[in-house]
Amino acid sequence: MSLSRRRLLQHALLAVSAVSLFISANARADDLVVSAAASLTNAFKAVSDAFEQQHPGTKVLLNFGASDVLMQQIAKGAPADVFASADQKAMDKAAAEKVIVPATRKDFAANSLVLIVPSDSHFAPASLNELTAASVKRVAYGDPASVPVGRYTEGALKATGAWDAVSAKGVLAANVRQSLDYVSRGEVDAGFVFGTDAAVMPDRVKVALTVPTQAPITYPIAQVEGSKHAADAQAFIAFVLSPEGQAVLGKYGFKPAH
């Protein structure tokens, strides 16, 4: 394991404990805790606002992060009622750990993988193989070991034969929004994020390529096993899947899952 990956893992494990304490300290007994992938940050804030308007007695507490880290938090006992992941593998892990109710698992959104560069960059690659050029020094992407966007990135680069060369200059991010931040600040030459993340900073980054992925990028959601607010959790999932919930997600660039 590389030093950078070891540090990311250590930070992730510390985050598990810290967030567990934070949620425990801030969640009221009647709060609905939704742990969701970092790429859902803006969209789920809007979804939660709309849900609360329809359910005035329910307060939603949102917890965002890398999907695998969120799953670890839940497995280690952090309060959560709903889990929304940015890929199927993280939800599969949650199912294997028996921390979700399998019958409630539904796909609710789809996304795309894009390569972004700083808005003032002159780098305009026509293919992923151009990332192997000596002039490209640093490329940001989520750690494939714990971040869905990183797994999609690894798969796409391996499919083109560029993985070894690009990973050698890779700057690993703890979640997709950190990768976005690296690019927006010009700390890297390029980075991989989801299409919806690129849309968050249109004045700071620009999309250089839309990247084909080996599998469709779909987001699953499920009720957490042992939730003390099962009815509210199921109502939230139903709202996300409803035409109104889907319309809110659409405003933030998400596509229907089917």
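The values are calculated or read from the model by the stated rules, or taken from the named source; none is laboratory data. Remember, it's a predicted structure, so these values are computed and weren't measured experimentally. Here the Cβ positions follow ideal geometry from the backbone for every residue, glycine too, while neighbour counts run over all protein chains shown.
Go through the range 196-215 residue by residue and tally those that are part of a loop (DSSP other than H, G, I, E, B) and either surrounded by 22 or more Cβ atoms within 10 Å (Cβ to Cβ) or not aliphatic (A, V, I, L, M) (or both).
Pass one, the range 196-215, residues part of a loop (DSSP other than H, G, I, E, B): 199-204, 212-215.
Right, trim to either surrounded by 22 or more Cβ atoms within 10 Å (Cβ to Cβ) or not aliphatic (A, V, I, L, M) (or both) and you get 202-204, 212-214.
Residues meeting the conditions: 6.
Being assigned by TED's automatic domain parsing to the domain that holds K137, out of contact with any Asp or Glu (no Cβ under 8 Å at 6 or more places or on another chain) and assigned to a strand (DSSP E or B) is true for just one of V193, V183. Which residue is that? Don't jump to the end; show me each part of the working.
On the way: V183 fails: assigned to a strand (DSSP E or B).
Unique residue meeting the criteria: V193.
If we keep just the residues of the range 89-121 that are surrounded by 20 or more Cβ atoms within 10 Å (Cβ to Cβ) and within 18 Å of V69 (Cβ to Cβ), which is nearest to the chain's Cα centre (by Cα)?
Result: A90.
Of all residues in the range 216-241, which are in a helix (DSSP H, G or I) and crowded, with 21+ Cβ neighbours inside 10 Å?
Our first condition is that a residue be in a helix (DSSP H, G or I); within the range 216-241, this holds for 230-241.
D232, A233, F236, I237, V240 - these are the residues of the range 216-241 that are in a helix (DSSP H, G or I) and crowded, with 21+ Cβ neighbours inside 10 Å.
Could you tell me whether E130 is of a type outside the set (A, V, I, L, M), under 30 Å from K76 (Cα atoms) and surrounded by fewer than 24 Cβ atoms within 10 Å (Cβ to Cβ)? Before you say what the answer is, go through the steps one by one.
Working: of a type outside the set (A, V, I, L, M): yes; under 30 Å from K76 (Cα atoms): no; surrounded by fewer than 24 Cβ atoms within 10 Å (Cβ to Cβ): yes.
Against the criterion (of a type outside the set (A, V, I, L, M), under 30 Å from K76 (Cα atoms) and surrounded by fewer than 24 Cβ atoms within 10 Å (Cβ to Cβ)), E130 does not qualify.
Being crowded, with 24+ Cβ neighbours inside 10 Å and charged (D, E, K, R) is the requirement here; does D164 meet it?
On the way: crowded, with 24+ Cβ neighbours inside 10 Å: no; charged (D, E, K, R): yes.
Taking the combined requirement at face value, the residue does not satisfy it.
Looking at (1) closer than 19 Å to A36 by Cα; (2) surrounded by 21 or more Cβ atoms within 10 Å (Cβ to Cβ); (3) touching a residue at least 60 places away in the same chain (Cβ under 8 Å), find the lone condition where A145 falls short.
Single failed check for A145: (2).
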